[in-house]
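This report refers to the structure that appears directly beneath it.
The values are calculated or read from the model by the stated rules, or taken from the named source; none is laboratory data. Since the structure is predicted, the reported quantities are computational estimates derived from the model, not experimental observations. Cβ: placed from backbone, ideal geometry, glycine included. Neighbour counts: every protein chain shown. Just so you know, the surface numbers come from the protein's heavy atoms only, side chains and all, with ligands and any DNA or RNA stripped out. Shrake-Rupley method; radii C 1.70, N 1.55, O 1.52, S 1.80 Å.
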Amino acid sequence: MRYKKENFFIEKVKASILAKKYSTPLYCYSYRKLNENINSFKRSFKSVNPLICFSVKSNANKLLLNEIRKLGLGADVVSIGELVRALKAGIKPNKIVFSGVGKTSKEINYAIQKKILLINAESKSEVLEIERLAKIKKRKVNIGIRLNPNTDAKTLSQISTGKKENKFGVSEKAFLDLIIYSKKSNFINLKCLSVHIGSQILNNKPYEKMLKVLEKIIHKSKFNFEYIDLGGGMGIDYDNNKKYLNLQKYSHQINEFLKKYKTKIIFEPGRAIIGNTGILISQIIYIKEGDNKNFIILDAAMNDLMRPALYNAKHRIIPLKKTNTKSNKIYEFVGPICESTDKFLTQKKFQKLKEKDFVAICDVGAYGMSLSSNYNLRPKATEILIKNSKIQIIYKRQNLKDLI
Ligand code: LLP
């Protein structure tokens with residue numbers, strides 16, 4: 001995805017043509033970028049030889065999942081909806097792990113029935129419930145237990161999950177007790193220790209600390225885990241300042257860990273696989289001139305892309321057609337929704353914009369469409385996938401009928 005002269009292109013397709021043809025707001029993904037991300041992720045962890053389970057919550061599009069499956073990945077799911085969708089996309093049950101603090105009996109039953117690789121339990125009550133349901137089915141079910149390693153991921157507090165004040169996983173003491181309990185059970189087969197300390201992690205230190213905690217607890221437990229599921233969380237370069245997680249270094253840290261404990265590693269990356277594959281194209285509806293700033297009112301809103309409103313997350317905005325102009329007004333890019341947090345970015349020294357111009361909001365492949373809603377009774381946007389010069393509609397915009 002880059003400019004050719006003044007026009008922005010996704011692979012071989014001029015983005016402004018897509019905007020006109022499919023209307024806006026419009027999610028566009030690049031297949032090539034997806035392919036590159038998966039290959040470079042695999043390359044970085046080649047010596048670890050992990051099972052990579054794509055975190056479906058980051059992007060649950062059916063056709064994208066299908067492509068991701070074809071590129072060799074499994075799935076990390078957190079609801080029966082995601083599980084059914086992953087299976088429908090052809091992902092084999094033995095490559096699916098199920099996480100989440102509140103799996104219902106219905107969800108657990110379905111996962112047992114489908115014989116997925118692991119149900120990663122997050123509390124004693126859940127372990128007991130899995131055991132109860134397995135007993136009814138006269139089955140021995142493979143589980144993992146998620147440890148809360150009390151490790152600070154040094155990321156946004158809203159997407160931090162590995163500290164003891166977070167609802168995720170169990171404490172070290174509860175973890176050790178659950179190992180003893182599981183060993184005696186005829187219906188659960190404890191196979192995995194899982195962790196996930198947070199998302200958009202850009203520094204290797206938290207992972208290093210997390211691995212130290214794991215070493216300590218495995219040593220204490222004297223238990224042989226067939227799998228260690230390290231979760232996801234690998235951050236991407238939203239600011240385009242070449243600051244991202246050093247995957248090779250992380251791989252090296254894991255290899256040091258594996259010298260002490262022979263086990264199979266599982267990863268659950270979402271953002272690192274899909275985040276930078278997508279842009280959201282939007283058209284300027286109006287420009288409202290303020291005293292010291294201009295409001296650029298887009299046709300995309302917080303229902304299409306929630307991250308800025310929810311986490312104050314920054315996504316770069318770029319024009320689809322570059323000009324050699326510069327505005328001396330501050331631009332505030334906002335959506336049309338009746339909420340003051342419905343704004344994307346405040347930008348100084350942007351090129352001069354006019355009504356009907358197109359812009360792209362960058363790096364929205366992860367937690368973009370998957371977090372979208374019908375708030376203000378707005379339809380969900382169209383999604384398209386570009387492969388070279390081939391365009392495929394992978395989700396069609398809801399129409400008024402769907403909504404009413
Ligand atoms: N595994 C587990 C157990 C998780 O909870 C998550 C994300 C992942 C894997 C994938 O994490 P990733 O590799 O994508 O960082 N909506 C937020 C992110 C929430 C992440 C929740 N859990 C955002 O837009 O930044």
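Tabulated values for the structure
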quantity	calculated
Long pairs among LYS356/LYS380; LYS164/LYS380; LYS12/LYS321, criterion Cα-Cα beyond 25 Å	LYS164/LYS380
Three-way shape label, the range 362-404, alpha-carbon gyration tensor, a/c 1.5	oblate
The range 271-342-the range 374-402 distance, computed between alpha-carbon centres (Å)	19
Accessible area in the full protein assembly, largest first, 1.4 Å probe, for ASP152, ASP299	ASP152, ASP299
Beta bridges per DSSP with both ends in the range 32-273, % antiparallel, nearest 5	5
Translational diffusion coefficient (Stokes-Einstein; Kirkwood radius from C-alpha pairs) of the range 169-244 at 37 °C, 0.692 mPa s, in µm²/s	231
Cβ-derived FRET efficiency at R0 51 Å, SER389 paired with GLU289, nearest 0.05	0.80
Antiparallel DSSP beta bridges within the chain, percent to nearest 5	45
Spread of Cα-to-Cα distances over 10 Å intervals beginning at zero, given as percent, for the range 32-273	8, 33, 38, 18, 2, 0
Packing rank of 31-43, 212-224, where each peptide gets the mean count of other beta carbons within 10 Å, highest leading	31-43, 212-224
Whole-number D in µm² s⁻¹ for the chain, Kirkwood Cα-pair radius fed into Stokes-Einstein, 20 °C, 1.002 mPa s	96
Contour excess over end-to-end distance, with Cα ends at ASN240 and ARG316 and 0.36 nm allotted per residue	26.5 nm
Gyration tensor verdict on the range 148-190 (Cα atoms; rounded if a/c is under 1.5, prolate if a/b is larger than b/c, oblate otherwise)	prolate
Mean projected area in nm² (Cα convex hull; one quarter of hull surface) for the range 61-165	7.5
Distance in nm between pseudo-label sites at SER47 and GLU339 (7 Å out along the Cβ direction from Cα)	4.6
